[in-house]
Amino acid sequence: MQATGEIQAAGSPRRSQKHQMLKDKQVKDLIVDKRRLVEVPYTATLADTINTLMANKVVAVPVAAPPGHWIGAGGSMILEADKQTGAVRKHYIGMVTMLDILAYIAGNGCGDDDDAHLTKKMMVPISSIIGHCLESLSLWTLSPNTSIVDCMEVFSKGIHRAMVPVNGRSENVVGVELTESASCYRMLTQMDLLRFLNDQQELKAIMSHKVSDKQLQAITDTVFGVTNKAKVIDVIKCMRTASLNAVPIVESSNEITEDHTQLVNGKKRKIVGTFSATDLRGCPVSKMQPLLNLEVLDFLKMLSNTGMRSSWREQVTCHPESSLGEVVEKVVSDNVHRVWVVDEQGLLEGLVSLTDMIRVIRLWYLTEFLQ
């Protein structure tokens, strides 16, 4: 991406002291109202973990184990210690996301109407699920004193969440291979950061640019999806293979000849839904097995009709002419992690993810105010 004078000139405010406010903000300003970390012990079963995700409405949890018996994800040593004595109480050995859980469920023949097989899978310790997808192979941490600009750099690289120590000490400010010790932690996510950025007045200029602006490069124009005739079990397998947290559901071009078990090129296809790794979070473990063989749209409608999903969501979309500010407002207000870009006929053109938004805002800010 090139940050050129052409972008800077369009509606750019004159430099002044007030525009240094964002630079002076730190991660600790973002976690003031964050609740204590939601976690699971390494002995928790897969079923226990799904229930924890459901109860707390989160999509990922760190896994805690006794100190001294595990190597942390990415070689990390992220520890919780007693605030008074400094004695280590636990070691966070990895992160488990809904995509890890779905990947595990979809593997090894699950989905063939074998209830006993699924029940057995649900009883495995969650420590054995770590690393089924790439994201959980690393644990990230951010110092509370990390600047918002540096935090933006981390999240602009596709890191979705990071643990922030409270009253802690570390040998690195940010990274995956580190030693970190704190009395407690908070979880900071891309969404937390974007909500904060959405309220910053000094970003109004960049928010006015169209997402289709060639200089911004905000739109990812390669979009893989699944057809509306795909079964849930096949969608999960596709997501695992491609490390996708969500896929658009597009109208099948030919119900007979099209392969509904594979990802398809979503470009210029009519979008009729979205399947996300979080959708199965609302599905009770006892009812999961038969639902895996439903067509994906039928599954989502069933979740909505039975109250396991809050409602049947309209697709969160934008047009190429939409402003970046409009797109950011959509993800913040609708609590989604991507916005599908469609043309006037509702055909897919691409997507703008949280990573894309943070990357674009950061590069513009660096060019405009910090050089």
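The values are calculated or read from the model by the stated rules, or taken from the named source; none is laboratory data. All values reported here derive from a predicted model rather than from experimental measurement. Glycine gets a Cβ as well: all are built from the backbone with ideal geometry, and neighbour counts include every protein chain shown. Side chains included, ligands, DNA and RNA excluded: accessible areas come from the protein's heavy atoms. Shrake-Rupley method; radii C 1.70, N 1.55, O 1.52, S 1.80 Å.
Structure notes:
- Within the stretch 125-138, if we keep just the residues that are of a type outside the set (S, T, N, Q) and modelled with pLDDT of 85 or more, the residue that is surrounded by the most Cβ atoms within 10 Å (Cβ to Cβ) turns out to be 126.
- Taken over the stretch 152-187, the criterion of being at pLDDT 65 or above and at positive phi is satisfied by 158, 167.
- In a residue-by-residue description of the stretch 232-247, the property of being within 30 Å of residue 34 (Cβ to Cβ) and either outside the structural domain of residue 366 (by the TED database) or in contact with a Ser or Thr (Cβ under 6 Å, 6 or more places away or on another chain) (or both) applies to at least one position.
- Candidate set from the stretch 90-123 (those that are exposed (fewer than 14 other Cβ atoms within 10 Å of the Cβ) and not in a helix (DSSP H, G or I)); member that is modelled with the highest pLDDT: 123
- All positions within the stretch 215-250 that are closer than 17 Å to residue 316 by Cα and in a loop (DSSP other than H, G, I, E, B): 218, 219, 221, 223, 245
- Checked against the criterion of being open to solvent by less than 70 Å² (accessible area, probe 1.4 Å), in a strand (DSSP E or B), under 25 Å from residue 104 (Cα atoms) and modelled with pLDDT of 85 or more, the candidates 275, 299 yield just one match: 275.
- Matching residues in the stretch 35-64 - criterion: being in a loop (DSSP other than H, G, I, E, B) and either without any contact (Cβ under 8 Å) to a residue 12 or more places away in the chain or open to solvent by 60 Å² or more (accessible area, probe 1.4 Å) (or both): 35, 36, 42, 43, 57
- Selection from the stretch 316-366 of residues that are open to solvent by 50 Å² or more (accessible area, probe 1.4 Å), free of Cβ contacts under 8 Å to residues at least 60 places away in the same chain and under 21 Å from the mean Cα position of the chain (by Cα): 326, 330, 333, 334
- Scanning the stretch 252-272 for residues that are open to solvent by less than 70 Å² (accessible area, probe 1.4 Å) and small (Gly, Ala, Ser) yields 252, 266.
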